[in-house]
Amino acid sequence: MSDKNDEDLYIRTDNRVIRYRKRGKGDNPLIFIHGLGAFIEVWNPLMDSLDEKKFSMFAIDLPGHGKTKFPKSEMKEFYSENGPFIKAIDLLIEQENISNPILVGNSMGGGISMLYSIFRSKKISGCVLIDPFGGNNSIGVMYRLMSARPVNWYYKRQKPTRETILLGWRNSFSASEPPEWLIQESQKYYNDRENWESYFNLVKYAVSIFGLRKKNLIKIQEEFSKSQIPKIVIWGEMDKVLSISEGQKYFSDVKNAGFIVIKNAGHVPMIEFPQIVADNIDQFVESLIA
């Protein structure tokens, strides 16, 4: 990971605190949206691999993650037009006066990018979806188990340990072990009890939208498939969290969507193979400029 000491920046409004970082001064703005249980720092390897003269890069902690805090009353209906995730991105764009950014989202962040492109289509110019949650994916056994009420209740009340965190991240890697910096950053943020509880609440919610809330998800998928916004999908060939074959099937019917497979990569190719992901983003941006 980069040894750059990026400055933590904050947006404070209406009892909300949003942490973000920015890097680069290029003409092509990118907004990085992390996945479930992650935080800004997961994007450092990718940002290190992108040209700061070409891109202006913004990474945000989503509500319930890292150092971003929203009132508990707002921490619900995450996949809605006025939900906390959409609000946080709105506030970042307003704070930094970002014009026509490309959203770069991994996993749950990919699903949020899909949502944002539907609800705020005039605010963005494209999407890069990295192993996105929100296509026609089934949910893995581990997450289904963690969503079950007794199991969810039990782990939510436990103290996070290095072993628990390592086990969780191992599921997202394929070509390598989770790096030590990632485990240390995770421990730092999960020692915050609200973050730990938020993670398990979101696991339960994520599984529920493929069950009780599936009608809402189907509507989102149908709208996104017709969207004219340019987009590329980057997927790790060895993803153990979300099935690549299910992703390919869904995105084959999505307009303006290229599909790129990264060999040997797992669920977080921007950490395992950051330069390959960076090169594909660069080519995507070039295609929009041309």
Seminar exercise, completed: So the strands (runs of 3 or more DSSP E) completely within the stretch 1-63 holding 2 or more residues that are exposed (fewer than 15 other Cβ atoms within 10 Å of the Cβ) are 9-13
Problem set entry | Criterion (more than 17 Å from residue 286 (Cα to Cα), of a type in the set (Lys, Arg) and under 17 Å from the mean Cα position of the chain (by Cα)) met by exactly one of 21, 12, 16 | 21
Problem set entry | Boolean, residue 240 is more than 15 Å from residue 132 (Cβ to Cβ), among the basic types (Lys, Arg), touching a residue at least 24 places away in the same chain (Cβ under 8 Å) and part of a helix (DSSP H, G or I) | no
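Where a number appears in this text, it was derived from the coordinates with a stated rule and is not lab data. The structure presented is a predicted model; accordingly, all values stated were derived computationally and were not measured. FYI the Cβ positions are ideal-geometry reconstructions off the backbone, even for glycines, and counts take in every protein chain you see.
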